[in-house]
1. Can you give the calculated 222 nm mean residue ellipticity of the protein assembly as shown, where each DSSP H run of n ≥ 4 adds -39,500 (n - 2.57) and the sum is split over every residue, rounded to the nearest 500 deg cm²/dmol?
2. What residue among B:LYS196, B:LYS330, B:LYS385 has the largest mean-square fluctuation in a Gaussian network model of chain B, using Cα springs under 10 Å?
3. With +1 assigned to the C-beta of every Lys and Arg and -1 to the C-beta of every Asp and Glu, and no other charges, what is the dipole magnitude of segment B:133-196 about the Cα centre in debye, to the nearest 20?
4. What size of dipole, in debye to the nearest 20, comes out for chain A about its Cα centre when the only charges are +1 on Lys and Arg C-beta atoms and -1 on Asp and Glu C-beta atoms?
5. Rank A:TYR197, A:VAL170, A:LEU77 by how far each Cα sits towards the positive end of the charge dipole of segment A:66-283 (+1 on Lys, Arg Cβ; -1 on Asp, Glu Cβ) and give me just the farthest.
6. Could you work out how far apart the two model spin labels at A:ASP319 and B:THR84 are, taking each label as a point 7 Å from the Cα in the direction of the beta carbon, and quote it in nm?
7. Just grab the label-to-label distance for A:THR61 and A:GLU216, each label 7 Å out from Cα along the Cβ direction, in nm (one decimal).
8. Could you compute how much accessible surface B:HIS86 exposes when probed at 1.4 Å, giving the result in Å² to the nearest 10?
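The values are calculated or read from the model by the stated rules, or taken from the named source; none is laboratory data. Quick caveat, the model's predicted, so the values are computed rather than measured. Using ideal geometry, Cβ is built from the backbone for each residue, glycine included, and neighbour counts are taken over all protein chains shown. These accessible areas exclude ligands, DNA and RNA; they are computed on the full protein's heavy atoms, side chains included. Shrake-Rupley method; radii C 1.70, N 1.55, O 1.52, S 1.80 Å.
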There are 2 protein chains.
Amino acid sequence: MNASFASRMNGLQASAIREILKFTADPEVISFAAGNPAPEAFPVDAVSELTAKILKDQPITALQYGVTEGYAPLRELLKSDLKTRHGLGESFDDLIITSGAQQAIELSCKVFCNPGDTLLCENPSFIGSLNSFRSYEVNLCGVPVESDGINIDALEEAMRQNPNAKLLYVIPNFQNPSGVTMSLEKRKAVYALCVKYGVMILEDNPYGELRFAGEEVPSIKSLDTEGIVLYVGSFSKVLSPGLRVGYLLAPSEVIQKVVVCKQGSDVHSAMLSQMICHSFMNDTDFIGHLASLRAIYRHKSSLMIDGLRQYLNPAITFDEPEGGLFLWCKLPDGVDMSAFCLNAVKNKVAVVPGSAFMPRDTDKTQCFRLNYSTPTDEQLKKGVKILGELSHSLL
Amino acid sequence: MNASFASRMNGLQASAIREILKFTADPEVISFAAGNPAPEAFPVDAVSELTAKILKDQPITALQYGVTEGYAPLRELLKSDLKTRHGLGESFDDLIITSGAQQAIELSCKVFCNPGDTLLCENPSFIGSLNSFRSYEVNLCGVPVESDGINIDALEEAMRQNPNAKLLYVIPNFQNPSGVTMSLEKRKAVYALCVKYGVMILEDNPYGELRFAGEEVPSIKSLDTEGIVLYVGSFSKVLSPGLRVGYLLAPSEVIQKVVVCKQGSDVHSAMLSQMICHSFMNDTDFIGHLASLRAIYRHKSSLMIDGLRQYLNPAITFDEPEGGLFLWCKLPDGVDMSAFCLNAVKNKVAVVPGSAFMPRDTDKTQCFRLNYSTPTDEQLKKGVKILGELSHSLL
């Protein structure tokens, strides 16, 4: 092969999490490294039944080409549900169905960011989004996350220093990886700053329906009178990630650009997947299903948190999340975080080193991420004990 | 909204075909403008049965996250089928499942082309691919297509004049839109030129299994001893486009880069779609199904061609395709092609103006594209008569 790859490929690597997940092919390894929904969270019987009905009643719609914007009944249902249950969507907004939230995030970056433009994000942030942004050669600039969300002073300072900032990427609910929820006060401050500095907000809310404690906080999009918020949702955590169905609610002029890009990316998202999501929301007890998911994750998070409180060296600290799938643990200064994670996997417990979630190579962290949604109850109990023993022997 | 879009958006427009398809919302309009498989080509009963079995036997695999490379049994089956039936795939090659051929095409461009790099293609070429390439701000350079494929002298001249040419995009079988099949001699010449000038070949073969006349011609990938050919296939025309399943067979080092980009694009393709494709190839009479598709398109193409021979002003010329979905008609010089197409749709027959398939705005054409796969037999007969009357009144 004589040809060379495009320069955008230089900064890209396969996700560090994928490398760690290779260890988890060993069936003896307990994985706290994934971000998968609990297997028991899938409504298998309902999906089987409604899929059979779709293929009986509307087989050609399911198998033929669809429009890029998405399956019209699903778009309408989502618009109405977002408005009714969450107060989202103004007259200037429109909605497109995407191939998972990941595609909504990628295309938002593609339509707004030139190479070299600054993209502001939380530090730490979701590795999948960060890699997607990197593929557009943006200047990633992370702003520290505190227990109640992004540091507002640091955010304004970053905006001052980066007049070419185009987008701010945030996960306000049960952030991945920190588990932190941004306070309403901070959401308002973030919105005001973005209006002031002319920065669009990319609000990613994959876990919002998985709140198992505390009170719901209005999304930033619900404050959006100016049309500067791009709101990303997903069926991955509330129904199935394998179907690859997400969506983007944003000003129509943004959606039009995203449609043009999506045409060139995958034409449209899988029709059968979209129709399954529509039927599941429309024809089953979707709200009841969400309640059952919250119960599953409330239980699993408690198992992990109670175990950590009992066994973990208290020098390792963490915030208790109010929802979502993750716990973010901080090692004391001076402890070698990478070595701790490597020791954990050698002891048959896989965790993700926090470095995977750093916007820049030069950003440092003492943290690692734990997931409680994927392991079984037995694995949760056993894995936490192992981590606890390790924490006492290594610290 | 204060923020401006990225400069890559400047050259992008929604597909011209989509604009024409809006006319076809009028139920009285006969559409020869689409590129959809015939509705009767979908094996609805088989898909219903095997989908039920997948959701009964492997529901969690279908609903949970999968790996970016694709559903392993489908990857293995495709590799083996491509080798056995078509002689494709060397030890240096690997295969990734993509969200339709469109994604394989986009990601191939993304991993190889910097803005300003030249991407060589046939003139005319498939609008969906051209728009995807445009989104990476490449210098699109079209090389004329003749009755036996791309003009070799013009291709070499283009390579001489564009030392920054990275990729050559070709559809050797029943090209979209021209319907032309590239001869074996030209395939060999194209391959030799690309070796000589260090250009990678992106070989798109969505219609290869839909040959209804003549003899199969070996693909360019089957000649690939040097590892310079990226071969794109799809289930869209042989099973269902709504499932959005395609694939890329290419040197492993290319596949590795595509995997990294796909992670950031949509994580992986829909699992249920992939499993349906696998089961359909593995558990049903796939070869028999392909034969039935060829019979459908042989019949439909004959209906259109016979009608055109009977009714069309012979000043309008076309080559008879040996497969695929399209006919490419050429108006005599001096006739206003756009006006002809507009008149057609006013007379309730939609065709696609050839300008939609030009690599550059400055490229001119006297041609328009007809599709015979989507209309019914009745629509084919009636629409061709209308076009015929129009051709006599306007020319």
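1. Values: 26 runs with 338 residues, N = 790.
Taking each H run of at least 4 residues, the total per residue is -13500 deg cm²/dmol.
2. Maximum among the listed residues: B:LYS196.
3. Working: 7 positive and 7 negative charges, 49 e Å.
Taking the Cα centre of segment B:133-196 as origin, the dipole is about 240 debye.
4. On the way: 36 positive and 45 negative charges, 123 e Å.
So the magnitude is around 600 debye.
5. Positive-end residue among those listed: A:LEU77.
6. According to this spin-label approximation, the distance is 5.6 nm.
7. That separation, rounded to one decimal, is 2.8 nm.
8. 50 Å²
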